[in-house]
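Here's the structure we're looking at; comments come further down.
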Amino acid sequence: MRKTARSPRSTRTRTAAGAALAATALLLGLAAAPSAQAEADGKHRAATLDELAQRSGRYFGSAVDNPELADTEYADLLGREFGTTTPGNTMKWEATEPQRGVFDFTGGDEVIDFARANGMKVRGHTLLWHNQLPGWLTEGTWTKDELRSILKNHITHVVKHYRGKVFAWDVANEIMNEDGTYRENIFYKTIGPGYIADALRWARAADPKVKLYLNDYNVDGLGAKSDAYYALIKQLKADRVPIDGFGLQGHLALQYGLPAGIKENLQRFADLGVDVAFTELDIRMQLPADPAKLAEQADWYGKVTSACLEVKRCVGITVWGYSDRHSWIPGVFEGEGAALPFDENLQHKPAYDAIRAALIAGAKKG
Ligand code: G3I
C-alpha cells in the first residue's frame, strides 16, 4: 500500500537529498528500491517496514487506540513507518452504537482522518464481538427476530458509513472456543450459528468492495480452533456466503512456545480461496525483559513474517500497537509485556531488525 503524494507526514520526513537521489534514480531508469546491501551500507535512507513489505506486495500496519494520537512523537512514527492502521477500540459496537439506533462515528473518523493525512489505509475492527458490546444490547432480552434486526441494522449503518474508507472488516471476531466449538455469545445463543453467514451477507450488501474477514486468536498454528475455522470457511464458500479473508490475531507469548505449523496453516486457508493476514501481532514475555528473551522474540517475529511472505495470499501484517510505550498487555497479563518491536522510548528492538531482515529476504525471493 504505497503512500501517496498527499501524505504530508511521509513526504515531510523525506530529506531533500533523498528526494534528489530518488529523482536522479528515476531519470536514469534505476529501480526505485535500494538494494538490501546498499541499505546495509547506509547509502540510503532506511526503508520503512511498510515500504519493505510493499516490495513483495504486502502491507505492514499497526493498530492505534485514539488517545495515543495525542502522543505526537508516537503518532509521527506511526504515520511514517506503517502503511495501514486499525482502530484498537473506536469502531467496536459500544463506541459506534452506544444507544440503540444512535450511531457515533467520532472516534473511528478520527483514525480515518489521521490515516488519510499520513497516506495510510485502515482495517475496520470489528462489527461483531462478544466483548465491548453496549449495555442496552447485553442487558436487553431479545427474540431471535429482534436480535437479527438489531445486528443487521448495526452492520448496515457502520459498514455504509465507512464504505470506501476501510479496505477490510473483521466482520465477526472471536466466535470459536479453544476446542473448536462455537462460542456461546449473545448472537449464537439467540440466533444460532446462522448469525455468522447473516453478518457476512449484510456486510457485503452494505459495501460490495470491502474485504470481509473472520478474525480470532490462538488460530496461528494448526489445532482444534483453526480446524474449526477451516471447516467453517469451507462451508461458507460452498454456500456462496461472501467471505474474503481469515485474520490470525497473533497474540503470542514466549512462555507458551511458537505455535506449530504457521505456514501450513496459512496455506490451507489460502487454498480455500481466501486471503490471510496477521491482524494483531504481538509477542509478549514475562518481565523483566533480558537479551535472551529479546533475541527469542526477534526470532519469532522473523519467523512469523517469513511465514506470511511464503504464502502468496498472506496480504499483510498488523502489530497491535507498535511500541511497548502503549500496549494492552501489562494491563491484562500481570508481569508480562515488552511485546512490540519498538521499546518505550520508540527505539528499535532486535525484533524490529528481524522483521526487516525477513521482509528483505522475502522480497528477494518473491
Ligand atoms: O473507554 C474507557 C474509559 O472511559 C475509562 O476511563 C477507562 C478506565 O479503565 O477504560 C476505557 O476503556 C478501556 C478501552 O480499552 C478503551 O481504552 C477498557 O477499560 C479496556 O478494557 C479496553 O481494552 C481493549 C480490549 O481490546 C478490550 O477487550 C484494548 O484497548 C484493545 O487493544 C483490545 O483489543 C483486542 C481486540 O479488539 C481483539 N483481540 C484481542 C485484543 C486485545 O485484547
What do you reckon, is Ile233 surrounded by fewer than 24 Cβ atoms within 10 Å (Cβ to Cβ), over 25 Å from Tyr74 (Cβ atoms) and touching a Leu at 6+ places or on another chain (Cβ under 6 Å)?
-> yes
Run Phe187 past the list (1) free of Cβ contacts under 8 Å to residues at least 12 places away in the same chain; (2) open to solvent by less than 10 Å² (accessible area, probe 1.4 Å) and report the number of the one that doesn't hold.
-> (1)
Quick one: is Arg163 open to solvent by 10 Å² or more (accessible area, probe 1.4 Å) and touching a helix residue (DSSP H, G or I) at 6+ places or on another chain (Cβ under 9 Å)?
-> yes
Give the number of residues within segment 213-230 that are open to solvent by 10 Å² or more (accessible area, probe 1.4 Å) and outside any loop (DSSP other than H, G, I, E, B).
-> 4
What are the pairs, 6+ residues apart or on separate chains, where a residue within segment 165-182 that is more than 24 Å from Asp109 (Cα to Cα) and assigned by TED's automatic domain parsing to the domain that holds Phe114 has its Cβ under 6 Å from a residue that is open to solvent by less than 40 Å² (accessible area, probe 1.4 Å) and away from the ligand (no atom under 13 Å from the Cβ)?
-> Met176/Lys225; Met176/Ala228; Glu178/Lys225; Gly180/Lys225; Gly180/Ala228
Would it be correct to say that Gly119 is open to solvent by 10 Å² or more (accessible area, probe 1.4 Å), at positive phi and more than 16 Å from the ligand (Cβ to nearest atom)?
-> yes
Take segment 70-94 and flag every residue that is open to solvent by 30 Å² or more (accessible area, probe 1.4 Å) and either over 16 Å from the mean Cα position of the chain (by Cα) or without any contact (Cβ under 8 Å) to a residue 40 or more places away in the chain (or both).
-> Ala70, Asp71, Thr72, Glu73, Asp76, Arg80, Glu94
Considering residues that are among the charged types (D, E, K, R) and open to solvent by 80 Å² or more (accessible area, probe 1.4 Å), the number found within segment 311-328 is 2
Using the structure shown, decide if Arg100 is open to solvent by 50 Å² or more (accessible area, probe 1.4 Å), closer than 19 Å to Tyr352 by Cβ, assigned by TED's automatic domain parsing to the domain that holds Ala307 and modelled with pLDDT of 95 or more.
-> no
Residues that are within 16 Å of the ligand (Cβ to nearest atom) and either of a type in the set (S, T, N, Q) or not assigned by TED's automatic domain parsing to the domain that holds Asn185 (or both), drawn from segment 133-160 = Thr138
How many of the residues making up segment 329-348 are buried (at least 19 other Cβ atoms within 10 Å of the Cβ) and either under 18 Å from Gln255 (Cβ atoms) or not assigned by TED's automatic domain parsing to the domain that holds Gly79 (or both)?
-> 5
Right, His130: more than 16 Å from the ligand (Cβ to nearest atom), touching a residue at least 40 places away in the same chain (Cβ under 8 Å) and either of a type in the set (Ser, Thr, Tyr) or more than 30 Å from Leu49 (Cα to Cα) (or both) or not?
-> no
Taking into account only those residues within segment 215-233 that are out of contact with any Gly (no Cβ under 7 Å at 6 or more places or on another chain) and not aromatic (Phe, Trp, Tyr), which is nearest to the ligand (Cβ to nearest atom)?
-> Asp216
Return yes when Arg284 is away from the ligand (no atom under 16 Å from the Cβ) and either buried (at least 17 other Cβ atoms within 10 Å of the Cβ) or closer than 14 Å to Ala307 by Cβ (or both) and no when it is not.
-> no
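Here is a yes/no grid of residues against (1) closer than 26 Å to His157 by Cα; (2) small (Gly, Ala, Ser); (3) modelled with pLDDT of 95 or more:
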| position | (1), (2), (3) |
| --- | --- |
| Ser7 | no, yes, no |
| Gly42 | no, yes, no |
| Leu52 | no, no, yes |
| Leu77 | no, no, yes |
| Ala95 | yes, yes, yes |
| Asp104 | yes, no, yes |
| Val111 | yes, no, yes |
Taking Asp65 as the residue in question, decide whether it is of a type in the set (D, E, K, R) and closer than 15 Å to Ile112 by Cα.
-> yes
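The values are calculated or read from the model by the stated rules, or taken from the named source; none is laboratory data. No experiment lies behind these values; they were computed from the predicted model shown. As a convention, Cβ positions derive from the backbone with ideal geometry for all residues, glycine included, and neighbour counts pool all protein chains shown. What goes into the accessible areas is simple: the full protein's heavy atoms, side chains included, and nothing from ligands, DNA or RNA. Shrake-Rupley method; radii C 1.70, N 1.55, O 1.52, S 1.80 Å.
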